[in-house]
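Sharing a structure, written as structure tokens. Questions coming.
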Amino acid sequence: CGRFGKPEDRLWQFEFVVARGEDGKEMSEHDNIKRIVFPYITHPGSRYGLKEDVAFPEDCITVLRCRPFAFAARNCNKWALGRVMLLGDAAHVFPPFGGQGIASGFRDASALAWWLAVACRPNFKPYEQLLEAWYNERKQQLDRSLNATVETVPSSPMIPSVRRWLEQGARRFGMTRYTYQPGMEFIPKGASGLFLPQIYCLPLIANNDLNKMAFTDDIIFHPSKKCIFQVLILLDKLDETKQAAAVFEDIDNPSDGELSAREATYLIHNLNERFVDPNPFTARIATAKEFAQSPLCKGRPEPRYYDEYHIKKEVKGYKYLIIRPDRLIYASCVDKVEVDSAAKALPGLLNGETHDI
Ligand SMILES: Cc1cc2nc3c(=O)[nH]c(=O)nc-3n(C[C@H](O)[C@H](O)[C@H](O)COP(=O)(O)OP(=O)(O)OC[C@H]3O[C@@H](n4cnc5c(N)ncnc54)[C@H](O)[C@@H]3O)c2cc1C
């Protein structure tokens, strides 16, 4: 059982198992709810100096709704037709024990948001292919979540190593990586198609002030930035920024303004970096300990199993990345030639003139 809604609304949700031989519809009738659920609605006796818990008065309990519910793992074949799109449970259902239902709905929505922004551009060509690419991508991620959920049966043994394995779900295989299909908007090469992990970082302008601790996503997609796609540059030391900046200095031209050198984020993989840099989008990676000591950790659990080198390890040496708003890597490049070529493909994609890369 669990509480939901505003505390003053005093709403609770209870679930119980319909045993073999019982009828789900009958079990959801009021008399059965009263018999099975009401005994759990109590006040602790200790609150009143009593040994036994105190039952809540039955006439103060209202059953708003009770329905039999069967576990299902299903996924529609099409999530978009014409102008109509299906998201969340309308497109797919999970058994609840993997805790993936709500998160998947949010992922559908956050992925769709930027595709819609692009489809609404004034000169955008037919958007059906775009929406098909959106749900073909989402389905790949969903299959991972579904597989992880189905194996996370509630009766699984809870020895710590097994629990950790289950807790990680699909993440134990690393970040989700899409397999390219025509229409998908990323360059199928290198680390592209991979979801960028998020780590903690300290903007160098903050002079190591932990009050300025940030998530990398908040720097990469800072609200002041205007471009839909963003440039991320991974460096070992701050003194490499000048050389890296030269790779992107004229990026506005080949990308026809879809990318901006001024908005590029520099992530320095040096925990001892002590220099202050005036660029607000230059940051160094931060440790779990630093995060735990920062105000950003307030109200959040201290990190476990955190790795400040996670981004670098996942992208396997690619230094120059172009990131989509849903954190998928559109292009991973090693030099200016690759960067310019990826940038040139962008205007056609974002205006719907080309769908295949
Ligand atoms: C018993 C149970 C336990 C769960 N536990 C978890 C959990 O622990 N963690 C987790 O992540 N997920 C859990 N889930 C799944 C989670 O609740 C769903 O994945 C999530 O609520 C789906 O959100 P949604 O917005 O897609 O759909 P919904 O939450 O179903 O929202 C759809 C809304 O549309 C409304 N609606 C329907 N038809 C119309 C219409 N014609 N006009 C206007 N409005 C309409 C509905 O009333 C509803 O409010 C659980 C689900 C169940 C049933």
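Readers should treat all values here as calculations from the given coordinates under stated rules, not as data from a laboratory. Since the model is a prediction, treat every value here as computed from it, not as a measurement. Note: ideal-geometry Cβ built from the backbone for every residue, glycine included; neighbour counts use all protein chains shown.
Apply the a/c threshold of 1.5 to the C-alpha gyration tensor of the stretch 190-230 and tell me whether it is rounded, prolate or oblate. If you can, show how the numbers build up before the last one.
Values: a/c = 2.99, a/b = 1.60, b/c = 1.87.
Since a/c reaches 1.5 but b/c is at least a/b, the shape of the stretch 190-230 is classed as oblate.
Compare the Cα positions of Ala73, Pro278, Ser224 along the charge dipole of the chain (+1 at Cβ of Lys, Arg; -1 at Cβ of Asp, Glu; about the Cα centre) and return the one farthest towards the positive end.
After comparing all options, I get Ala73.
Same structure, new question: Sequence-distant or interchain residues sharing an amide H contact under 5 Å with Lys319, placed H: which?
Those qualifying (amide H under 5 Å, at least 5 residues apart or on another chain) are Cys333.
Just to be sure I understand: of the beta bridges DSSP finds with both ends in the chain, what percent are antiparallel, rounded to 5? Don't skip to the answer; put the middle values down first.
Details: 24 of 31 bridges.
Within the chain, antiparallel bridges account for around 75 percent of the total.
Now for a different question. With a Förster radius of 22 Å, plug the Cβ-Cβ distance of Phe14 and Asn75 into 1/(1 + (r/R0)^6) and report the FRET value to the nearest 0.05.
That gives a FRET efficiency of 0.20.
Going toward the positive end of the dipole of the stretch 52-113, with +1 on Lys and Arg Cβ and -1 on Asp and Glu Cβ, which of Gln100, Gly82, Ala113 do you reach last?
Among Gln100, Gly82, Ala113, the one farthest towards the positive end of the dipole of the stretch 52-113 is Gly82.
Ok, one more. Which shape class, rounded, prolate or oblate, goes with the stretch 200-350 when its Cα gyration tensor gives a ≥ b ≥ c as root eigenvalues, a/c under 1.5 marks rounded, and past that a/b bigger than b/c marks prolate?
Details: a/c = 1.90, a/b = 1.74, b/c = 1.09.
Note, shape of the stretch 200-350 comes out prolate.
Taking the Cα centre of the chain as the origin, how large is its charge dipole in debye, to the nearest 20, when only Lys and Arg (+1) and Asp and Glu (-1) carry charge on their Cβ atoms?
Computed charge dipole of the chain: roughly 500 debye.
Can you sort Thr179, Thr62 so the residue with the fewest Cβ neighbours within 10 Å comes first? Before the final figure, lay out the partial values.
Working: Thr179 10, Thr62 5.
Placing the least packed residue first, the sequence is Thr62, Thr179.
To continue, here is another question. What net charge is computed for the residues neighbouring Pro347, neighbours being all others with C-beta under 14 Å from the C-beta of Pro347, Lys and Arg scored +1, Asp and Glu -1?
Charge balance near Pro347 sits at -3.
Grab the alpha carbons of the stretch 70-147, take their convex hull, and tell me the volume per residue in Å³.
Convex hull volume per residue, Cα atoms: 77 Å³.
Which of Val315, Val37, Val231, Val339 comes first, and how do the rest follow, when ranked by fewest Cβ neighbours within 10 Å?
Working: Val315 21, Val37 17, Val231 28, Val339 24.
Final ranking by Cβ density, sparse to dense: Val37, Val315, Val339, Val231.
How do Thr282, Thr287 rank when sorted from fewest to most other Cβ atoms within 10 Å of their own Cβ?
Details: Thr282 24, Thr287 16.
With the fewest neighbours first, Thr282, Thr287 line up as Thr287, Thr282.
Name the longest site-free stretch of the chain, where the excluded sites are GluC sites (Glu not before Pro) in a DSSP loop with no more than 10 other beta-carbon atoms within 10 Å.
That would be 53-357.
Can you tell me how much longer the chain between Ala103 and Asn207 gets when fully stretched, taken as 0.36 nm per residue apart minus their C-alpha distance, in nm with one decimal?
33.9 nm
Over all distinct Cα pairs, what is the inverse of the mean 1/r for the chain, reported as the Kirkwood hydrodynamic radius in Å?
On the way: mean 1/r = 0.0420 Å⁻¹.
One over the average 1/r among Cα pairs gives 23.8 Å for the chain.
Please give me the summed charge of the neighbours of Glu308: other residues whose Cβ is under 12 Å from its Cβ, Lys and Arg +1, Asp and Glu -1. Before the final figure, lay out the partial values.
Numbers: positive: Arg284, Lys289, Lys312, Lys313; negative: Glu290, Asp307.
Once all neighbours under 12 Å are counted, the net charge is +2.
Here's something else I'd like to know. Note the direction-averaged projected area, equal to a quarter of the hull surface, for the Cα convex hull of the stretch 2-60, in nm².
Over all viewing directions, the stretch 2-60 projects a mean Cα-hull area of 5.5 nm².
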